[in-house]
Amino acid sequence: MSAMFLTVPPFECAWREDLKFREAGRGCVAFEAFACNDVTLVFRENVGSQGYHYKRDSSPHYTIILGSHRNRRLRIEVNGKTVVDVAGVGLCCSSSFQSYWISIYDGLISIGNGKYPFQDVVFQWLDSCPNCNVQYIGLSSWDKHVKYRNVNVLSLTNTHMPLSKHVVFGDYQVEDELDAADSFSYKHMDYDKWGLKNFLESWDLSDVLFIVGEEQKPVPSHKAILAASGNFPVYSSSFVINIPTVPYPLFHALLHYIYVGWTQIPQEQLGSLRALSIQFEVMPLVKQCEETMERLKLDKKLLDTGKNVELTYPSIRPHCSTLPSLPISIHQLKQLKLTGQFSDVSIYIESYGLIAQAHKIVLSLWSIPFARMFTNGMSESVSSEVTLRDVPPEAFRAMLDCLYDGQLQDKVIDSGALLLQLLLLADQFGVTFLQQECCKMLLECLSEDSVCPLLQVVSSIPSCRLIKESLQRRISMNFDYYTSASTDFVLLDEATLINIIKHPDLTVTSEEKVLNAILMFGMNSKELFGWEVVDALIVNSRPELLFGERLQLVHDLLPFVRFPLLQYSLLEKLQNSNIGQHIPVFQNLVNEAINFVKCGLAGLENEENVRFQHRRSSYKELQYICDGDDHGVLYFAGTSYGEHPWVNPLLAEPRKITITASSPHSRYTDPKVLVSRTYQGTCFAGPRLENGQNCTWWMVDLGQDHQLMCNYYTLRQDGSKAFPRCWNIQGSQEGKSWTNLRVHENDRSICKPGQFASWPIVGPNALLPFRYFRVVLTGPTTDATNPWNFCICYLELYGYFL
């Protein structure tokens, strides 16, 4: 099933012996599905038959339906009865395989999107009377075929790991290797095992001591944690609290639930644990005790004197002892931080002053460096004051807020600079979850101008390998832009630039761009220039003076330029250049390329040398020649990219491109006209309301496998006199956020019916590849009757096509 997909016909269900949870009632299934609607999974105690269908099943089972009601709703059924029916959640995708995961843990059903479980949760539901015996998984359907692939059953206890272990970007995966030889420090290696559970009944950082039971057993604890989880007698100034009537095993079970998120108790002691939870107002445990007692009362078979019952706080990450997975009130914890109640450390920042009155236990449950600072016997462990140096106050305050409520604040997410500072602080103090969130947010709000500066900062942080890899790949795939729009790439470290140039996804319009980038980096340039500038400078200088300590790096990088792919006329210029006379390796590579172009392959060794091969991602240049020519990308699509004579690309099967308008399709709003290459007297897109304003546009979608760096475009007016004067041509990667490629204000180029007009696109944005393009009116046309009709009957785009 991992090598190919499995098609389930309507009203059937596929079962396999190996599609089962390792532990009954607990497990996760991750899979990909291709369907118009009703991706259906059935969870039973036993394997069903091929003719099985959940509508006819009278035995205990869960049924989860993604894309029910014609792909509009999510539905969960228990034993055939609908218990959840919500709109717009967990929908199907009929154009490609979509990744999903579903986990069940003692009746807590969690559903998410994405390739890796326990990320991107879209819905959770807790069964008050859970079926803890479901184990086998059936892949089912309703009235249409459903295709499944890459179905994997996972154990919850082994797969609940930090997001940094499994994060996807693009089409490949980065995995952290955590072993003794790794360069990560202890703070990252111990993260999986760290949390509040490390302080259960520990003397470390304790500020209250319970004397429990008749045996007077001392049990240390922490006031802030207890105050945020219930109503314990910790508000007095006394350090010692006597509770002689409470047996120690019962009190231990209560604390274990608070500190670890789950606890075990003999069945016959459930009532006593419930009474103790009521006494101290630990309400989540009260509810779970009552539900478990009710379940035992209804099903006498479950009664077994002496058998332990496990009670787990409902969480997407069971048995994890960080704040979101524990029965601790985040609101109450934030109040303690705000008021300073039970605070045991005042934190100062040098040259700033007091930043916060905090709780050592809260800081330590997230951060091993903080824990060791407060428990290693040094001055910080006995002092109630800590002074930090070289720490930005606003970022540190944001980190504290995050440690107390377990999530990033909106003000941090909206500020890229603060987010970056917070990432560095999270690395400094070993707050791994915060590093993951910062990386995720930085990638989501990334702009083109911030890629190189961000990569420069994170390159030296081992824990940011994910974001580093992602940024390197992004620069490689848009190499022309990042080496032509600014000199920010020159500030990257040498290892990072080598990784970018050696990247298998490096995409360039010409190998000359790679050569120019290497020379600019070697000179640590503050200005953009080409190899001709270096050629002129080197006449009155020497390579050692021009490139300094980066000269060896230039020697190492020049072989990565694929000189044989350059035009022969340019190779001749390079052969006679001053650079070749001063840098032997440069001259040798150029001579080798010229011999290759003249004579072809010299031997088998050249066939295997990447310098003689086109890059995996190479652009095809589609150059503007004249108005109405046959050199544009839309004409090229009509030939199936050079495979057969031209036909209208919107009539071809399969369709290569898509064109849409702001107004509905009609006799005079026909996208086929724009690529038909024939004059049309009336063809227009009408206005629609977007954000309360008139908006009129024609949009082209090149398809998910293609992109264009657009450097020229052509329009043709239809037979009307509604001449446009203010409009923009824009590009987009996903069809939602748009980048202006050229802005037209009071442009009077078009002044006759049926007239062609073409414009170049210049500047850095001409070097950005886009999938979607649109021409959009930004002001009324010259037609007073229908001023917001965009009347064109022809559109063509030019540039570098991938």
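The values are calculated or read from the model by the stated rules, or taken from the named source; none is laboratory data. The model shown is predicted, which means the values in this text are computed figures rather than measured ones. Here Cβ is always computed from backbone atoms with ideal geometry, including for glycine, and neighbour counts include all displayed protein chains. Each accessible area value is taken on the protein alone, full model and side chains, heavy atoms only, with ligands, DNA and RNA left out. Shrake-Rupley method; radii C 1.70, N 1.55, O 1.52, S 1.80 Å.
Just a few scattered comments:
- From the Kirkwood radius over Cα pairs of the stretch 343-445, Stokes-Einstein at 10 °C and 1.306 mPa s returns a whole-number translational diffusion coefficient of 114 µm²/s.
- Ranked by solvent-accessible area (1.4 Å probe, protein heavy atoms only, all chains present), the residues Glu643, Glu290, Glu448 order from largest to smallest as Glu643, Glu290, Glu448.
- Förster radius 22 Å - calculated FRET efficiency between His665 and Arg70, Cβ distance, rounded to 0.05: 0.45
- Carbon plus sulfur fraction of accessible area for the chain, probe 1.4 Å, in percent: 49
- Residues whose amide H comes within less than 5 Å of that of Ile241, counting only those at least five positions distant or on another chain, are Leu209, Phe210, Ile211 (H built at 1.01 Å from N in the peptide plane).
- Note on the stretch 620-801: the alpha carbon radius of gyration divided by the globular reference 2.2 N^0.38 Å gives 0.95.
- In order along the stretch 28-41, the phi-based Karplus estimate (6.51 cos²θ - 1.76 cosθ + 1.60, θ = phi - 60°) of 3J(HN,Hα) comes to 9, 10, 10, 7, 10, 9, 10, 6, 7, 6, 6, 6, 10, 10 Hz; Gly and Pro are listed as x.
- Cα→Cβ-extended label distance, 7 Å offset, between Asn786 and Leu443, nm: 4.7
- Taking a straight Cα-Cα cut-off under 18 Å and skipping sequence neighbours fewer than 8 places away in the same chain, the lysines within cross-link reach of Lys721 are Lys752.
- Ordering of 703-715, 399-411 by packing [mean C-beta count within 10 Å, highest first]: 703-715, 399-411
- If you take the Cα centroid of the stretch 675-704 and the Cα centroid of the stretch 18-36, the two points sit 45 Å apart.
- Taking the square roots of five times each eigenvalue of the Cα gyration tensor of the stretch 471-533, the equivalent ellipsoid has semi-axes of 17, 13, 10 Å, listed largest first.
- Rounded to the nearest 10 Å², the accessible area of Met520 at probe 1.4 Å: 10
- The alpha carbon radius of gyration of the chain, expressed as a multiple of 2.2 N^0.38 Å, is 1.18.
- Principal-axis tilt of helix 248-260 within the chain, Cα atoms, nearest 10 degrees: 10
- Excluding same-chain neighbours fewer than eight residues apart, the lysines reachable from Lys297 by a Cα-Cα span under 16 Å are Lys287, Lys307.
- Cα centroid separation, the stretch 389-414 to the stretch 77-101 (Å): 36
- For the chain, the per residue solvent-accessible surface stands at 45 Å², with DNA, RNA and ligands left out and a 1.4 Å probe.
- Neighbours of Ala652 by Cβ distance under 12 Å: Lys/Arg scored +1, Asp/Glu scored -1, total +1.
- The stretch 508-612: proportion of alpha-carbon pairs further apart than 17 angstrom, %: 51
- Extension gain from Val743 to Cys626, taking 0.36 nm per residue of separation minus the Cα-Cα distance: 40.0 nm
- ³J(HN,Hα), Karplus 6.51/-1.76/1.60, whole Hz, each residue of the stretch 385-401, x for Gly, Pro: 10, 9, 10, 10, 10, 6, 10, x, x, 4, 5, 5, 5, 5, 5, 4, 4
- Amide hydrogen neighbours beyond the local backbone of Glu12, cut-off 5 Å, H modeled: Ser141
- Ranked packing of 628-639, 327-338, most packed first, by mean Cβ within 10 Å: 628-639, 327-338
- Protection proxy ranking, peptides 741-754, 68-81, 255-268, average beta carbon neighbours within 10 Å, highest first: 255-268, 68-81, 741-754
- Cut-off 11 Å between beta-carbons: net charge of the residues surrounding Lys573, Lys and Arg +1, Asp and Glu -1: -4
- Bridgeable lysines around Lys440 (alpha carbons under 16 Å apart, same-chain partners fewer than 8 residues away excluded): Lys115, Lys165, Lys411, Lys468.
- Taking θ as phi - 60° and the Karplus parameters 6.51, -1.76 and 1.60, the scalar couplings of the stretch 421-438 work out to 4, 5, 4, 5, 5, 4, 5, 4, 9, x, 8, 5, 4, 5, 4, 4, 5, 5 Hz in sequence order, x denoting glycine and proline.
- Rule-of-thumb Rg ratio for the stretch 37-159 [Cα; 2.2 N^0.38 Å; N residues]: 0.99
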